[in-house]
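Everything below concerns the one structure shown next.
The values are calculated or read from the model by the stated rules, or taken from the named source; none is laboratory data. Just so it is clear, the model here is predicted, and its values are computed rather than measured. Here the Cβ positions follow ideal geometry from the backbone for every residue, glycine too, while neighbour counts run over all protein chains shown.
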Amino acid sequence: MNENLQQNTEKPAVLVFYLSEFFQTYGMSVPNLSQTICDSPFYIYDRSFKDIGPKFEDEKPISDEDYDTGFAILKTIWNEYVGKANTSGFSRVFKVMTALDTDDFYVESRYGFAPGYDLDAAIETFTKQNFEVIRWDEFWDRNSENKIVESDITDEYYPDYTEQRNEEGRNIKLLIKAETNDNDAISFGGLPVKKSNTPFEWPKCTCGAELQYQGKIKTDIGYEMIFMENCDHWGGTEVIVVDVENIESVHPEESQVALRETAYTAKIEEVTAESYDDARNDYSGRRRDVLGHVSDHPEWIQGDETPKCDCCGQTMRFVAQLEEGPDYETAMNFGGGCGYLFDCTVGKTAKFITQC
């Protein structure tokens, strides 16, 4: 393969397109798509090349239906078309890797769309964030007649990838928004708790404002309560661990700053899938009702940032990976990414980090 077309790791590539380009290429359509979906630029890139994914600060809020539809279409485009491409563009955007534990082949693809942007604005945003933009026609190399595999790439590096990974799978414990709020073991929003009849110091940002309470998860060391900044200073996060016995609710000084305008709980639903992303994409219900997972290890958007305990210096235990929430207007602010909760059973401490 021509070496000039290989991926530039200093400036990773991203495939950017409108759905109309995909439909035109394959002579198909999806009926009753909203104008928002049709007007949005779609993109796919390889997250193994880029520590931080693209950010679209002026994205337009969209309905849950459009959100689910957009990602469902993207999943099909990746699995059935782009992920099986036999073009020089494939090697510019993606790197095929081997799983150390199974010797399977895989690509760390990530995809999304940018409602409220047109194609030119999206391309400008990608360029400013040090991506090389590859357009749809360029990726497929219009001089090539064969756009879909039965290709050298697939036969040699990517054999039956989807089938292999799905057959093996692993147990994924999804956090699903519960219909009622009676499960106090995993709850979000509302009020934090403290040990009864004891003082409580609400954590604060470096600017002095109270951090916003996000939610809590019950583990074998207690309630792990997550607090994050809710101001322009990005003053960090804090996790407070309290015993589960003899507790009472605690109120902040400024509720508008320190509390979310929502309250909901989660239930655990176990499924078999190759990854959390696959399990989330395959969930039959409302996509935003998937609140995260409490499986055996996190799935990082960027590189591995597993923290060490400040008390004992040991690698901390993974507790949960969280999505921003079921409703756009009251969601936690992870910059469009995920939050990761870790703890230490020795020091009975916990940490929370975000990636986007």
Any residue that is over 21 Å from the mean Cα position of the chain (by Cα) and of a type in the set (Gly, Ala, Ser) - is there at least one of those in the range 236-247?
no
Of the residues in the range 316-332, those that are at pLDDT below 90 and either within 15 Å of the chain's Cα centre (by Cα) or within 19 Å of Thr219 (Cα to Cα) (or both) number 1
Could you tell me whether Asp152 is within 30 Å of Val96 (Cβ to Cβ) and at pLDDT 70 or above?
no
The range 312-326, residues that are in contact with a Leu (Cβ under 8 Å, 6 or more places away or on another chain) and of a type in the set (D, E, K, R):
Glu323
Scan the range 18-40 for residues that are within 19 Å of Glu138 (Cα to Cα), assigned to a helix (DSSP H, G or I) and in contact (Cβ under 8 Å) with a residue 60 or more places away in the chain and jot them down.
Glu21, Phe22, Thr25
With the structure loaded, tell me whether Ile134 is in a helix (DSSP H, G or I) and at pLDDT 50 or above or whether it fails that test.
no
For the range 171-196, pairs from a residue that is crowded, with 18+ Cβ neighbours inside 10 Å and modelled with pLDDT of 90 or more to a residue that is among the β-branched types (Val, Ile, Thr) and outside any strand (DSSP E or B), with Cβ under 6 Å and 6 or more apart or across chains, are Gly189/Thr262; Pro192/Val250; Lys194/Val250
